[in-house]
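The values are calculated or read from the model by the stated rules, or taken from the named source; none is laboratory data. Being a predicted model, the structure only gives us computed values, none of them experimental. As a convention, Cβ positions derive from the backbone with ideal geometry for all residues, glycine included, and neighbour counts pool all protein chains shown. Surface accessibility is based on the protein's heavy atoms, side chains included, excluding ligands, DNA and RNA. Shrake-Rupley method; radii C 1.70, N 1.55, O 1.52, S 1.80 Å.
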Amino acid sequence: MAELESLETAAEHERILREIESTDTACIGPTLRSVYDGEEHGRFMEKLEARIRNHDREIEKMCNFHYQGFVDSITELLKVRGEAQKLKNQVTDTNRKLQNEGKELIIAMEELKQCRLQQRNISATVDKLTQCLPVLEMYSKLREQMKSKRHYPALKTLEHLEHTYLPQVSHYRFCKIMVDNIPKLREEIKEVSMSDLKDFLESIRKHSDKIGEMAMKQAQQQRNLDNIVSQHPRISGGKKSKKEVCASSDLEVKNTSPMSEQDSGILDVEDEDEDEEVPGAQDLVDFSPVYRCLHIYSVLGARETFENYYRKQRRKQARLVLQPPSNMHETLDGYRKYFNQIVGFFVVEDHILHTTQGLVNRAYIDELWEMALSKTIAALRTHSSYCSDPSLVLDLKNLIVLFADTLQGYGFPVNQLFDMLLEIQDQYSETLLKKWSGVFRNILDSDNYSPIPVTNEDVYKKIVGQFPFQDAELEKQPFPKKFPFSEFVPKVYNQIKEFIYACLKFSEDLHLSSTEVDDMIRKSTNLLLTRTLSNCLQNVIKRKNVGLTELVQIIINTTHLEKSCKFLEEFITNITNVLPETVHTTKLYGTTTFKDARHAAEEEIYTNLNQKIDQFLQLADYDWMAMEPGSKASDYLVDLIGFLRSTFAVFTHLPGDVDVHSTMSGKVAQTACMSACKHLSTSLMQLLLEAEVRQLTLGALQQFNLDVEECER
């Protein structure tokens, strides 16, 4: 058993030794552990040392066998070391040379590296700038447009910048600044455009007068052209115009009336060719601020705000325009400026209405026009009532007609203005009546109340041309001769015709029918005859210093004027083309006027004679207690009878044709004589019946009887 265990241990130790010889050093640990774990540690060490000695003997044998080769190898190795040293030196030298030569290349390579880096940066920068430049260009364009006050294009540019360009480069800081500035820029554009609008409103307020003047000139030119066109067919058709009708009435009237000095030329375009084009509102005012501001506010979504502001401001301006100056009634220029401003205001509004969409509408315009119409009519009623000059009233009427025609051409209803003109026509008639009252007074005051002497044929024809008088016997008489009437007859007749002309002038362009014009003229002429001329004649007749000869001449004059009334009827018919027998035609009351004047003159004659008789009777000095009568009639009665005889001689020696004046003067003389005798007899009876006469003598009665008998003779 002991030998068997010794063999197994020896075999195990041999295995371990082989394992140690063949195993990697790192893995020898487990093998050695198995040795130390066993109980044969000493024996293993002995075997290990024996194995080491065997290996040492083998190494020694090997070395002894290879020693010469080893020496040769060492010798060769020493030689190799020298060559290696040389090679090292060469490599070092070559390396040094290579390093020296490579420095420039390294520098060049570094430069190339930097260039490539810069090139890459530049390319990236170019790409970024390509994106940013349009934004900057648009922003620069925006600032330039705002600087040049092109606000609407600036707003469009701002829209493109905000929605198209900035989103592409929104990550840049400068873009964020731009985005933050956009609301400020919009507000700036809004404020500047509103400032431009305010300047525009101020401009049109100042230019309304000129705009209105130009518009009224255009209307005047159009009316003149229409008149030429409308008159041409009449002229070619052989019909006469109003002026031609008047000229063909065989009555050449001398221009001595207050209305014939100068026609109302206020509406004529002063020294301008009618073909010359008058500038319109758009030529005088730049409307672009309104359009720009409207577009800007529309784009900004504040159109309603803009419309309300514009309309509010224009309403304020309308109220200012419609406020007439306090002294407007003094001159025609005051009215003209007032009308020009109103026309200019509405011409501008009409232009805005037709060139913008919805800034103003027809309802707004109509509302303004209704306000303007009411205020204008009220102002004209007030101020025209102060006017006492018919020439100014006529010029005002022509101006109102042109004002109405101008605005009617722009589509505004003007019927109320023409209705108001009919009211002014009544006032015009009153001013004419006042003026002609002065004219008639001057004519009557300056008349000599003597028959007009005629020394030659020319003077005779001139007077006959002025007054429709025909007398075959007077024509046969040789020169010099006399007309039966005094100078105031043809003068008054001509002034009546001039008054009719003045009335006709007012009716022109009022769009009245011929019947209405005829009625207006006849009514005004009736007022002239029955009120103005009648009062003037009555005042002359009632004057204190009027003589019997003058009264007789007034009777003759009024008789001839009464006969001329039918010629005045024909004159009115000629200028209105309305026949007298037409239904509702007003008749002239001139016959009644002149008859009343003649009757008043006759009554004045009777009154004057009675007054003269009373004056003579005041000289009567009867001695009611006289015992004996005188041998002749009383002196006062002789003088009275002499006065009456000379007075009635005036009636018997009146000039003119027998049929008219002898009959007339005979009737007047007869009536005057009867009135004088009746008054004288009554007065003599009063002398006898006076309360102071308490007793009479026979001698006194006989003297009184002598006086009565003298009166009878």
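Could you list, in sequence order, all residues of the stretch 152-174 that are surrounded by 14 or more Cβ atoms within 10 Å (Cβ to Cβ) and more than 21 Å from SER298 (Cα to Cα)?
TYR165, LEU166, VAL169, TYR172
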Check on THR652, open to solvent by less than 40 Å² (accessible area, probe 1.4 Å), over 60 Å from the mean Cα position of the chain (by Cα) and modelled with pLDDT under 75: no
Wholly enclosed helices (runs of 4 or more DSSP H) of the stretch 277-391 bearing at least 1 residues under 15 Å from the mean Cα position of the chain (by Cα): 281-284, 303-321, 332-355, 362-384
Residue in the stretch 443-465 that is crowded, with 21+ Cβ neighbours inside 10 Å, more than 24 Å from the chain's Cα centre (by Cα), in contact (Cβ under 8 Å) with a residue 60 or more places away in the chain and within 24 Å of LEU528 (Cβ to Cβ) present: yes
Residue, nearest to MET216 (Cα to Cα), within the stretch 348-360, restricted to residues that are open to solvent by 60 Å² or more (accessible area, probe 1.4 Å) and without any contact (Cβ under 8 Å) to a residue 40 or more places away in the chain: HIS354
Which numbered condition LYS149 fails, given (1) surrounded by 11 or more Cβ atoms within 10 Å (Cβ to Cβ); (2) on the phi < 0 side of the Ramachandran plot: (2)
Qualifying residue in the stretch 330-347 (condition: more than 19 Å from ALA404 (Cα to Cα), surrounded by 20 or more Cβ atoms within 10 Å (Cβ to Cβ) and of a type in the set (A, V, I, L, M)): no
Residues that are open to solvent by 50 Å² or more (accessible area, probe 1.4 Å) and either in contact (Cβ under 8 Å) with a residue 24 or more places away in the chain or in contact with a helix residue (DSSP H, G or I) (Cβ under 7 Å, 6 or more places away or on another chain) (or both), drawn from the stretch 363-381: LYS375, ARG381
Of the criteria (1) of a type in the set (Lys, Arg); (2) open to solvent by 70 Å² or more (accessible area, probe 1.4 Å); (3) closer than 19 Å to ASP350 by Cα, which one LYS217 fails: (2)
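Results for (1) more than 42 Å from the chain's Cα centre (by Cα); (2) under 23 Å from LEU422 (Cα atoms); (3) modelled with pLDDT under 85; (4) not in a helix (DSSP H, G or I), shown as yes or no for each residue.
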residue: SER486; (1), (2), (3), (4): yes, no, no, yes
residue: ASN494; (1), (2), (3), (4): yes, no, no, no
residue: LEU510; (1), (2), (3), (4): no, yes, yes, yes
residue: VAL517; (1), (2), (3), (4): no, yes, no, no
residue: ASN526; (1), (2), (3), (4): no, yes, no, no
residue: LYS544; (1), (2), (3), (4): yes, no, yes, yes
residue: VAL552; (1), (2), (3), (4): yes, no, yes, no
residue: THR582; (1), (2), (3), (4): yes, yes, yes, yes
residue: THR593; (1), (2), (3), (4): yes, no, yes, no
